[in-house]
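Report on the following structure.
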Amino acid sequence: MIDFDPHNYPKIIGDLAKAWTVSDDSRTLHEGVKFHDGSRLTAADVKASWDRIVAPTGGVISPRRSNYQMIKSIEAPDDTTVVFRLHHPFWTA
């Protein structure tokens, strides 16, 4: 949802996220993002994707789960907001 700006490294730019902060804040998605079938991408879709990675259920195995142990919970309080709550501050380059 964010990436390094290839023209101004190490500046970070948004891909799907249009804003972010390092606090008890939420991430807001760009409005109008659609799946290949034309249906609208919502925060619940983002949460579901991340839940399958960090907390898989029903016999699903996530080989990337150990990379995200800092994630305490993921919330989607409305259609455009995804909140990642962490166990501790975390940053990676």
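The values are calculated or read from the model by the stated rules, or taken from the named source; none is laboratory data. As the structure is a computational prediction, the values presented were derived from the model and not from experiment. Positions of Cβ are backbone-derived with ideal geometry, glycine not excepted, and every protein chain shown enters the neighbour counts.
When you go through 52, 85 one by one, which is the residue that is outside any loop (DSSP other than H, G, I, E, B) and surrounded by 15 or more Cβ atoms within 10 Å (Cβ to Cβ)? Quick ask: steps written out before the conclusion?
Working: 85 fails: surrounded by 15 or more Cβ atoms within 10 Å (Cβ to Cβ).
The conditions single out 52.
Could you tell me which residue of the stretch 57-68 is nearest to residue 87 (Cα to Cα), considering only residues that are touching a helix residue (DSSP H, G or I) at 6+ places or on another chain (Cβ under 7 Å) and surrounded by fewer than 16 Cβ atoms within 10 Å (Cβ to Cβ)? Walk me through it before giving the result.
So in the stretch 57-68, the residues touching a helix residue (DSSP H, G or I) at 6+ places or on another chain (Cβ under 7 Å) come out as 60, 62, 64-65, 68.
So of that shortlist, the ones also surrounded by fewer than 16 Cβ atoms within 10 Å (Cβ to Cβ) come out as 60, 62, 64-65.
Numbers: 60: 23, 62: 20, 64: 18, 65: 15 Å.
Restricting to residues being touching a helix residue (DSSP H, G or I) at 6+ places or on another chain (Cβ under 7 Å) and surrounded by fewer than 16 Cβ atoms within 10 Å (Cβ to Cβ), the top hit is 65.
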Residue 60 being of a type in the set (A, V, I, L, M) and under 28 Å from residue 31 (Cα atoms):
no
Considering residues that are outside any helix (DSSP H, G or I) and without any contact (Cβ under 8 Å) to a residue 40 or more places away in the chain, the number found within the stretch 27-49 is 12
Looking at the stretch 61-90, I want the residues that are among the β-branched types (Val, Ile, Thr) and have a partner that is surrounded by 15 or more Cβ atoms within 10 Å (Cβ to Cβ) and part of a loop (DSSP other than H, G, I, E, B) with Cβ atoms under 6 Å, at least 6 apart or on another chain. Which pairs are those?
81/26; 83/26
Can you tell me how many residues in the stretch 4-26 are farther than 14 Å from residue 81 by Cβ, part of a loop (DSSP other than H, G, I, E, B) and at pLDDT 65 or above?
8
Of 40, 52, the only residue that is among the basic types (Lys, Arg), within 16 Å of the chain's Cα centre (by Cα) and modelled with pLDDT of 85 or more is 52
